[in-house]
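Notes to accompany the following structure.
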Amino acid sequence: MGARELIALLPIILISVSAVLAMLATAFIKSESAPAYVSAIGFVIAFISLFVAYPELPRAVTPLLIMDYFSYFYIGLIILAGLAVSLLAYPDFKKRGVRQGEFHVLLLLSVAGSATLAASAHFASFLLGLEILSVSLYAMIAYDRPDIKGLEAGTKYLVLASVSAAFLFFGMAMVYAGVGTMDLAGIAVNGIGGSISALAGIAMILVGIGFKLALVPFHMWTPDVYEGAPSPVTAFVASASKGAVFALVLRYFTQAGIHDTGALAYVLLAVSIASMFIGNLLALLQENLKRLLAYSSIAHLGYLLLLIAAGGRGAFIAGGYYLAAYFAAIIGAFGIISALSTGRKEPRMLDDIRGLAWESPWLAGFLSAMLLSLAGIPLTAGFIAKFYIISLGISKAMWWPVIMLIINSVIGLAYYLRVIAAVYERPQKELFNAMQTGAEAGKISLISGGVLAVLSVITVILGIYPPLLLKIIERTL
Amino acid sequence: MTTSFYLAAAVALASTLMVITRARIIHALLYFIISLFSVSIMFFAAGAPFAAALEVIIYAGAIMVLFLFIIMILNLGAEAAAQERQWLTPGIWLGPSMLALILIADLAFLISRGGGYANGLYAVTVQPKDVGIALYGPYLLGVELASLLLLAGLIGALHLARRNVPEEGEDGTGIN
């Protein structure tokens with residue numbers, strides 16, 4: 001590994017170094033905000049380093065990691081997600097009165113794990129990246145310890161993630177036993193050569209991946225964990241942790257030409273359509289905001305899986321665009337819940353935010369932008385993203401899946417609009433025994449307000465002027 | 001050597017099955033130790049003596065001792081001691097001892113056949129030197145990533161186990 005490889009690896013190195021610096025800041029500096037500064041600045045520098053190291057691409061860094069434009073695009077998305085979560089978490093934890101330090105160390109580490117996943121070229125880095133991400137998430141979900149719900153969510157995630165990781169690792173061992181290599185690109189290109197053990201291994205790997213992406217039928221943990229975790233952490237679980245695994249799946253499944261393999265493509269399609277329907281129908285029944293968004297995220301990953309079942313060059317474009325739009329919207333939506341919380345109390349139910357527009361028109365506007373983007377309404381990023389998925393599906397003549405997607409978009413629209421309608425309703429708080437949100441107390445922090453504004457602007461700009469992002473994504477092909 | 005491998009594997013399955021079906025944690029632990037030893041013998045028979053030694057040192061050694069410490073810390077008081085005496089009846093040793101005997105016979109057989117691993121399941125024997133070269137050659141980043149993983153575990157455990165979490169009222173007025 002020479003200097004050029006180290007430069008190509010710079011973003012991951014910088015994030016890891018920031019994690020160590022944040023740890024030292026926690027240990028030696030009395031100020032609560034020092035680690036938060038370290039993590040925010042660390043993310044910004046790591047993001048800038050993407051452009052510095054850009055000329056060194058593409059480059060394989062040891063057999064474990066591949067640093068190319070594709071990896072860099074997803075690493076960039078993950079770093080931005082980490083930055084947004086770090087900025088949202090600072091005021092949120094200040095309101096809760098919990099320590100900042102360890103959270104920012106764990107956040108940096110989990111971003112390093114996600115970045116490793118997005119760039120991994122080998123079972124070993126896949127495994128290690130996933131475990132770094134999971135182990136950090138266990139503690140991040142249960143971070144607010146006095147909150148029993150968070151502790152419960154953390155324990156649930158610990159048990160279920162361990163079981164799914166066991167499936168994944170056993171699957172890797174079986175694939176290795178079958179084909180004798182752990183190189184992901186090698187397995188994707190050369191196939192498994194009819195080895196039964198490798199085929200069983202791939203099925204087990206799919207179980208592990210399905211859990212991480214919260215696809216049906218491995219989605220049971222999602223609502224509980226999303227509801228129990230502090231909102232900034234939920235935003236991270238919903239965005240970066242899924243995005244990293246999705247990047248890996250998109251790259252290698254598409255490279256393997258899984259859309260042409262018949263049986264496996266049908267399995268992916270079935271899982272995708274089941275995720276859409278179950279996610280959307282259960283979201284329709286929810287009165288609880290965080291659970292509603294949890295079910296909607298199951299449906300969104302269902303849409304994304306459709307891309308992998310379709311395959312080809314279009315899958316990379318649509319996947320990158322959809323994920324960017326989804327990141328901005330889902331982080332924004334959970335960010336608003338975090339901004340509206342007072343201490344440990346978050347606006348959990350729909351009734352809690354009824355009439356929000358009359359208290360805080362800006363936040364209501366941001367929330368509407370995020371939800372409309374998730375629903376896929378024109379002029380938002382979500383519309384362009386969904387448009388790409390549908391046009392890819394039509395170009396591959398996948399009529400039934402496309403029709404399913406359109407039906408699901410309509411179901412989705414129903415519950416997103418229900419939330420927006422509630423936000424713009426005339427306030428009748430006395431009737432509902434609802435909580436007093438941060439907006440009424442006039443305690444929306446400037447930082448979270450700023451992050452939410454930026455995310456809303458991104459959502460709208462990507463919806464109006466898609467070439468901005470498309471040009472970057474086209475470099476990754 | 002294939003027979004030795006499958007014999008150890010059978011012991012591993014049997015003992016692990018016993019681990020998850022025991023109602024008392026001490027009984028489960030006895031079987032768990034056997035399970036770890038049998039995995040070690042599997043490594044040995046498959047031509048990886050270094051991995052076999054690590055399995056014994058790290059799992060059967062360090063990690064089992066940690067388990068025992070936890071149980072010691074949890075079971076305080078004379079009542080617990082009486083209960084423990086009741087649990088540790090001679091009969092309970094029988095199962096794990098039988099399985100351990102099978103493993104010892106297996107290991108003795110392997111060693112009697114010219115050092116065991118020298119003619120293992122596979123033609124290649126993985127020596128400590130090979131492991132070191134792999135770890136600090138192509139898998140260098142793996143070692144670094146594993147250190148990040150351990151850091152994440154350490155920081156997470158530190159935070160979750162911290163004794164004096166500043167308790168807040170339900171209104172969550174917070175510090176500062």
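Give me the Kirkwood hydrodynamic radius of segment A:319-415, using the inverse of the mean 1/r over all pairs of distinct Cα atoms, in Å to one decimal.
Evaluated on segment A:319-415, it is 14.8 Å.
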With viscosity set to 0.692 mPa s at 37 °C, what whole-number translational diffusion coefficient in µm²/s follows for segment A:265-477 from Stokes-Einstein and a Kirkwood radius over Cα pairs? 187
Rounded to the nearest 100 Å², what is the buried accessible area between A and B, both sides summed, probe 1.4 Å? 2900
Taking amide H positions as placed in the peptide plane 1.01 Å from N, state which residues far from A:HIS122 in sequence (5 or more) or on other chains have amide H under 5 Å from it. A:LEU184
Quick one: Karplus J couplings for segment B:143-153, per residue in order, coefficients 6.51, -1.76, 1.60, θ = phi - 60°, nearest Hz, x for Gly and Pro? 5, 5, 5, 4, 5, 5, 4, 5, 4, 4, x
Does segment A:378-427 come out rounded, prolate or oblate by the C-alpha gyration tensor, with a ≥ b ≥ c the root eigenvalues, rounded set by a/c under 1.5 and, if not, prolate when a/b is larger than b/c and oblate if not? oblate
In whole Å and largest first, what semi-axes does the C-alpha gyration tensor of the protein assembly as shown yield when each eigenvalue is scaled by 5 and square-rooted? 43, 31, 24
On each of the three principal axes of the Cα atoms of segment A:208-271, give max minus min coordinate, whole Å, ordered largest first. 41, 21, 14
Across segment B:50-56, in residue order, what do the Karplus-derived ³J(HN,Hα) couplings come to in whole Hz, using 6.51 cos²θ - 1.76 cosθ + 1.60 with θ = phi - 60° and x for Gly and Pro? 5, 4, 4, 5, 4, 4, 5
Whole-Å distance linking the alpha carbon centroid of segment A:449-477 with that of segment A:265-293 is 26
Among the listed pairs A:LYS156/B:LYS129; A:LYS95/A:LYS290; A:LYS95/A:LYS386; A:LYS212/B:LYS129, which are separated by more than 29 Å between their Cα atoms? A:LYS156/B:LYS129; A:LYS95/A:LYS386; A:LYS212/B:LYS129
The ³J(HN,Hα) series, computed from each phi in segment A:38-54 with the Karplus coefficients 6.51, -1.76 and 1.60 at θ = phi - 60°, rounded to the nearest Hz and given as x for glycine or proline, is 4, 5, 4, 5, x, 5, 5, 5, 4, 5, 5, 4, 4, 7, 5, 7, 3
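Largest first and in whole Å, give the semi-axes of segment A:118-265's equivalent ellipsoid, each being the square root of 5 times a Cα gyration tensor eigenvalue.
The answer is 31, 14, 13 Å, longest axis first.
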With the label point 7 Å along the Cα-to-beta-carbon line of A:VAL267 and a cut-off under 20 Å to each amide N, the hits in segment A:197-233 are A:197-220
Can you give the FRET efficiency to the nearest 0.05 for A:ILE461 and A:TYR69, using r as the Cβ-Cβ distance and R₀ = 22 Å? 0.50
Name the trypsin sites (Lys or Arg not before Pro) in segment A:20-115 that are in a loop by DSSP and that have at most 10 other C-beta atoms within 10 Å, would you? A:LYS30
Which value in deg cm²/dmol, rounded to the nearest 500, describes the helix-derived mean residue ellipticity at 222 nm for the protein assembly as shown, given -39,500 (n - 2.57) per DSSP H run of n ≥ 4 and division by the residue count? -24500 deg cm²/dmol
Percentage of interatomic Cα-Cα distances in segment A:86-202 larger than 16 Å: 67
Obtain the nm distance between the two label points defined at A:ARG313 and A:PHE51 by a simple spin-label model: each point lies 7 Å from its Cα along the Cα-to-C-beta direction. 2.8
1/(1 + (r/R0)^6) with r = Cβ-Cβ of B:VAL124 and A:VAL44, R0 = 51 Å, i.e. FRET efficiency to nearest 0.05, evaluates to 0.60
Rg/Rh for segment A:270-334, where both radii come from Cα atoms and Rh is the Kirkwood radius: 1.02
For B:PHE37, what accessible area in Å² do you get when you roll a 1.4 Å probe over the heavy atoms of the protein chains, rounding to the nearest 10? 80
Heavy atoms of B:THR2: accessible area, 1.4 Å probe, square angstrom to 10: 70
Contact-by-burial set, segment B:126-142, min loss 50 Å², accessible area of protein heavy atoms with 1.4 Å probe, reference chain alone, gives B:PRO138, B:TYR139, B:LEU141
Gain in length, A:ALA200 to A:GLU152, computed as 0.36 nm per residue apart minus the alpha-carbon separation, to one decimal in nm? 14.0 nm
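Estimate the FRET efficiency between A:ILE403 and A:LEU285 by the formula 1/(1 + (r/R0)^6), using the beta-carbon distance for r and 25 Å for R0, to the nearest 0.05.
Working: r = 23 Å, r/R0 = 0.93.
Once rounded, the FRET efficiency stands at 0.60.
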A:GLY2 neighbourhood, Cβ < 14 Å, K/R = +1, D/E = -1, net charge 0
Excluding ligands, DNA and RNA, what is the solvent-accessible area per residue of the protein assembly as shown at a probe of 1.4 Å, expressed in Å²? 42
Hits among aspartates and glutamates - C-alpha to C-alpha of A:LYS242 under 19 Å, sequence gap 8 or more where chains match: A:GLU131, A:ASP224, A:GLU227
Can you put A:PHE334, A:PHE316 in order of accessible area, largest first, using a 1.4 Å probe? A:PHE316, A:PHE334
Compute and list, largest first, the equivalent-ellipsoid semi-axes of segment A:1-50 from the alpha carbon gyration tensor, each √(5λ) rounded to a whole angstrom. 25, 11, 5
Cut-off under 5 Å, modelled amide H: who pairs with A:THR342 long-range: A:GLY438
Jot down the radius of gyration and Dmax of segment B:2-124, Cα atoms only, both in angstrom. 16.3, 55
What is the distance, in nm, between label points placed 7 Å from the Cα along the Cα-to-Cβ direction at B:ARG162 and at A:MET220? 3.4
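Counting only protein heavy atoms, what percent of the accessible surface of the protein assembly as shown is carbon or sulfur at a 1.4 Å probe?
72
The values are calculated or read from the model by the stated rules, or taken from the named source; none is laboratory data. Just so you know, these numbers come straight off a predicted model, no measurement behind them. We place every Cβ from the backbone using ideal geometry, glycine too, and count neighbours over all the protein chains shown. The protein model used for the area step is the full one, side chains on, heavy atoms only, and it has no ligands, DNA or RNA in it. Shrake-Rupley method; radii C 1.70, N 1.55, O 1.52, S 1.80 Å.
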